Amino acid sequence: MIPHAGGVSADEFRAALSRLAAGVVLITALDPEDDPADEDLADGLPAGEDAGMTATAFMSVSLDPPLVMVSVRNDSRMDDILERQPLWAVSVLTESQRNIAGQFAMKGRLSDRLLFASVPHVRGERTGAALVKGALATMECRTEQRVVAGDHTLTIGRVLTAHTPNIESNPLTYFRGRYRKLG
């Protein structure tokens, strides 16, 4: 493997960062360009086709104002959607929701429409995006800023709603290239 200009190879970089445990979230949005009805929902929420992506590069950015950030691979479907759709949502997954994380992380996967049909979810009140039922926490966001950083784009969103259901479960984590349970 050829090292990057800074001297570290992609494999070395990936191996080092695999030692950093990360929480697992599902990022969701309505893709306005894939709206089969091509009209707004009756309740005033944006229309579109559900899209989702598993992410481990998600973090809090600021308390005042409440900002979060997700890192999305450039030119991916979710990057394209977040470029034109400022409203999106986050579901913090539990260790029992590993199958959801795996399904939305697969390359060459089934359509998101089919995946969402098997995932219990509700619509966000502010974004209309899918929020996973049984998640540890859910947030609805509006993009404040997008920053291209290498082969990814950092999407910073203002948190519009945040809910923490009374769920007794541990978070799903990702460590050394695999989903893990705490403890």
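The values are calculated or read from the model by the stated rules, or taken from the named source; none is laboratory data. Bear in mind the structure is a predicted one, so any value in this text is a computation, not a measurement. Glycine also receives a Cβ, built like all others from the backbone with ideal geometry; neighbour counts cover every protein chain displayed. These accessible areas exclude ligands, DNA and RNA; they are computed on the full protein's heavy atoms, side chains included. Shrake-Rupley method; radii C 1.70, N 1.55, O 1.52, S 1.80 Å.
Yes/no per residue for (1) more than 21 Å from TYR179 (Cα to Cα); (2) surrounded by fewer than 13 Cβ atoms within 10 Å (Cβ to Cβ); (3) modelled with pLDDT under 90:
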residue: MET1; (1), (2), (3): yes, yes, yes
residue: ASP40; (1), (2), (3): yes, no, yes
residue: PRO46; (1), (2), (3): yes, no, yes
residue: SER62; (1), (2), (3): yes, no, no
residue: VAL72; (1), (2), (3): no, no, no
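I'd like to know if the range 7-26 contains one or more residues that are acidic (Asp, Glu), more than 17 Å from the chain's Cα centre (by Cα) and at pLDDT below 95.
Yes, some residue in the range 7-26 is acidic (Asp, Glu), more than 17 Å from the chain's Cα centre (by Cα) and at pLDDT below 95.
Restricting to the range 172-183, and then to whatever is among the charged types (D, E, K, R) and not in a strand (DSSP E or B), can you tell me which residue is modelled with the highest pLDDT?
Among those residues, the one meeting the criterion is ARG176.
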Of those in the range 27-38 that are open to solvent by 50 Å² or more (accessible area, probe 1.4 Å), at pLDDT below 65 and of a type in the set (D, E, K, R), the residue farthest from ASP80 (Cα to Cα) is ASP38
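Could we say that GLY157 is in contact (Cβ under 8 Å) with a residue 60 or more places away in the chain and open to solvent by less than 50 Å² (accessible area, probe 1.4 Å) here?
yes
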Strands (runs of 3 or more DSSP E) contained entirely in the range 62-161, each with at least 1 residues that are farther than 18 Å from LEU26 by Cβ:
67-73, 137-149
So, SER169, is that one among the polar types (S, T, N, Q), surrounded by fewer than 17 Cβ atoms within 10 Å (Cβ to Cβ) and part of a loop (DSSP other than H, G, I, E, B) or not?
yes
Pick from the range 135-168, criterion under 16 Å from the mean Cα position of the chain (by Cα) and small (Gly, Ala, Ser), ranking: nearest to SER71 (Cα to Cα):
GLY157
